[in-house]
Amino acid sequence: KKLETYAKRLDEIEHHVGNTEDSVLSLETTVQQLRETVVKLQGKTDDLENRSRRCNLCLVVLPEGEEGRDPVSFLETWLPTLLNMPELTKNLEVERAHRSFAPRTRNSDRPRMLLFKLLRYRDKENILRQARKLGTLTYNNKTVYLFPDMSAELFQKRKSFLGIKRLRKDLDIPFALLFPARLRIDFKGQRLFFTSPLDAENHIKMSSLPEDPPSSLKEQRHRTATTKRTEVLAT
């Protein structure tokens, strides 16, 4: 009877363990599906955030207080002059403008960023294109910078391409960082696109290797030794 009781208990335990394993497997599948859903939702949220900022620009290193109490009027008057774009004098419309919400520092060399939203997306593109064309923008003998506004996540993605952009400049390879974070290069007659800086770097390094790489130092020594032995035998 004891053996029958133990056997019955073992059967019950095996049954419970089997049910537990099935439950764990089901939960793992559910968790994986939820992870994939979260990744998709994060991507959509980031995309929506960047779309809401598509008409925004950031003005960096403009001294605090230069915009006065009406930054909108200041930008509508000053930007066409700064960029040498007289056609914008009467057509540029800034919806709103303000400094970043970071605490104001006493260091005058580190003013807060000035954010502003343009009414028309085309104006933003024309302003950035002209800024790239001019190269250096100055205000009262100080260099200022214009950047498109974007989410923190997208900023980090684009920042990850800095190293590979330096490599392309050193190798004199034409490139462009497309929105949102897609690198385009023209290399050896091909136009290539990369979303990963590591993939782009590996491709450049592998493609830059000579077709017939030199022998290793060990092989060179072996060939030299073989040649010397041949010369000794010949003499």
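Quick notes on this one:
- Among the conditions (1) within 31 Å of the chain's Cα centre (by Cα); (2) part of a helix (DSSP H, G or I), PRO111 misses just one, which is (2).
- Residue within the range 66-80 that is under 30 Å from ARG112 (Cα atoms), surrounded by 10 or more Cβ atoms within 10 Å (Cβ to Cβ) and among the basic types (Lys, Arg) present: no
- Residues (over 18 Å from ASP149 (Cβ atoms) and aromatic (Phe, Trp, Tyr)) located in the range 75-106: TRP78
- One residue from LYS169, LYS159, LYS133, LYS165 being closer than 26 Å to LEU83 by Cβ and surrounded by 13 or more Cβ atoms within 10 Å (Cβ to Cβ): LYS165
- Test: residue in the range 134-155 that is more than 21 Å from the chain's Cα centre (by Cα), assigned to a helix (DSSP H, G or I) and over 19 Å from CYS58 (Cβ atoms): no
- All positions within the range 172-208 that are of a type in the set (Val, Ile, Thr) and under 24 Å from PHE147 (Cα atoms): ILE173, ILE185, THR195
- All positions within the range 167-203 that are assigned to a helix (DSSP H, G or I) and at pLDDT below 80: LEU167, ARG168, LYS169, ASP170
The values are calculated or read from the model by the stated rules, or taken from the named source; none is laboratory data. These figures come from a predicted structure and were not determined experimentally. Note that each Cβ is placed from the backbone with ideal geometry, even for glycine, and that neighbours are counted across all protein chains shown.
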